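Here's the structure, in structure tokens; my notes come after.
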Amino acid sequence: KALLQLGYPIRHLLDKTVLARLARKAGLDSPPSQTFPSGVGLEAAASRLDYPLVVKPVVRDRRPFRADSPADLQRATDISGEVMVQPFLSDSIRTVGGVMWHGEIVAAVHQRWQRIWPVPCGQASYAVTRPSDEELEKRISALLGDYNGIFNVQLIGPYLLDVHTRPYGTQSLALAAGVNPVGVWCDLLAGKEVVRGDAREGVAYRWLAGDLRHLRWALATKKLTPGQAIGAFRPHLGTAHGTESLLDPGPLLARVRYHFDGLRHTSHTEAPVAEAVEESVLEVVR
């Protein structure tokens, strides 16, 4: 949104209705969608919709949320702009992030989210880099067109979900996997020659505060047994982290204290979306 205020020509990539049309031209599918002029207009149509569904502003200014019934749509009434609803999809989110320059991807990081927080509509708390997909990258290049800069494309199953035209939350994973999108972008702006860079496969990322909360949710809702939790959440050498750092432990300790305070004072209830556990990895939902 800040880039829009600065006049950067990216609205066509941030407006989800326009993005869906561009995606079809580029060979990418978008989830079936309905658009309403405002949150109030959406609530008025609540009885005609199929549930569960995901509610999101057409131009994002807040996190999407899941609605399981017409009553849940009251959360959307303060959205003054256009609102989009899509079927709730249960699948792993995958992303392609990197740098576009004059119609080509010059740095790429493919990853899959294995856990998220908050559930069911959140961001990556645990993710792993995946092999490059040349055909997918061709379609993303066609979608982004003449955009130059850092990007992050989110997909779920066969569908395109979103495009972010800014540095994104898992930059530390890109660095750990051998790609520096911010550095590449700065070099290109400085007129330096840049060699195409791809991330190594199998590098993991953990947002510790979010993953601890996901663990608390998974145990409280019995989606993980204690043994499965130990397997899924054990430390792995070489894992990239978010803002947590042993060199500056103050924020980390504050988050851990906050987490355990919540354990003592929060009563646990069954989450509205319960996903099966397979091989100690929760199926990610959005």
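The values are calculated or read from the model by the stated rules, or taken from the named source; none is laboratory data. Just so it is clear, the structure is predicted and the values come from calculations on it, not from any experiment. Cβ: placed from backbone, ideal geometry, glycine included. Neighbour counts: every protein chain shown. Accessible surface areas use protein heavy atoms only, side chains included; no ligands, DNA or RNA. Shrake-Rupley method; radii C 1.70, N 1.55, O 1.52, S 1.80 Å.
Observations on the model:
- Subset of the stretch 233-249 that is small (Gly, Ala, Ser) and surrounded by 13 or more Cβ atoms within 10 Å (Cβ to Cβ) - its residue that is modelled with the highest pLDDT: ALA240
- Selection count where residues are surrounded by fewer than 19 Cβ atoms within 10 Å (Cβ to Cβ) and either under 21 Å from ALA176 (Cα atoms) or touching a residue at least 24 places away in the same chain (Cβ under 8 Å) (or both), scope the stretch 207-232: 6
- Filtered residue count, the stretch 179-232, keeping only those that are within 23 Å of PRO131 (Cα to Cα) and at pLDDT below 90: 1
- ASP29 meets all of the listed conditions (1) open to solvent by less than 50 Å² (accessible area, probe 1.4 Å); (2) closer than 21 Å to SER132 by Cα but one, namely (1).
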